[in-house]
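S.K.: Dropping a structure here in structure tokens format, bear with me for questions.
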């Protein structure tokens, strides 16, 4: 079975990215640079007894995505309890809107953002009343 077990977010400025994801989503980081041979910080995204995966921030090895470029890779979506307050934090921390909040009718609120490193990610708030 090919279950997703780890993710990597490519970044230009490690401290800026750690601040962005730490402040908005409460992630903590562990320095694994010695193992990786480059700036590489493990991202702990939640408690071990809660469903989800951990990942890492790694030093970008090539050019970052161009503005308005179509997504050509994986996009991670993060579950949130309060869409609007999370969006406010994203914008306050330097993120921008890629695709505004929209309803997945009867299921959730969804939207996409660009982080401080030029990467696209989504946020998702379950809500049976979304329409």
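Here, each number is a calculation from the coordinates, and none is a lab measurement. Quick caveat, the model's predicted, so the values are computed rather than measured. Ideal geometry is used to build each Cβ from the backbone, glycine not excepted, and the neighbour counts take in all protein chains shown.
S.K.: Hey, what angle do you get for helix 83-92 against the long axis of the chain, alpha-carbon based, 0 to 90 degrees rounded to 10?
M.R.: 40
S.K.: Report, in degrees rounded to the nearest 10, the 0 to 90 angle that the Cα long axis of helix 14-25 makes with the longest principal axis of the chain.
M.R.: Taking Cα atoms only, the helix is inclined about 30 degrees.
S.K.: Under a plain spin-label model, where a point goes 7 Å from the Cα along Cα-to-Cβ, how far apart in nm are residue 107 and residue 127?
M.R.: 1.6
S.K.: Run the numbers for residue 7 and residue 70: contour at 0.36 nm per residue of separation, minus the present Cα-Cα distance, in nm.
M.R.: Working it through step by step, the gained length comes to 20.7 nm.
S.K.: Need one number: nm distance between label points at residue 49 and residue 19, each 7 Å from Cα along Cα→Cβ, rounded to one decimal.
M.R.: The two pseudo-label positions are separated by 3.5 nm.
S.K.: If you take every DSSP beta bridge fully contained in region 48-131, what fraction is antiparallel? Give it as a percent rounded to 5.
M.R.: 75
S.K.: Something else about it: With a ≥ b ≥ c taken as the square roots of the eigenvalues of the C-alpha gyration tensor of region 19-111, please select rounded if a/c is under 1.5 and otherwise prolate if a/b is larger than b/c or oblate if it is not?
M.R.: oblate
S.K.: What list do you get for 113, 21 if you sort them by fewest beta carbons within 10 Å?
M.R.: 113, 21
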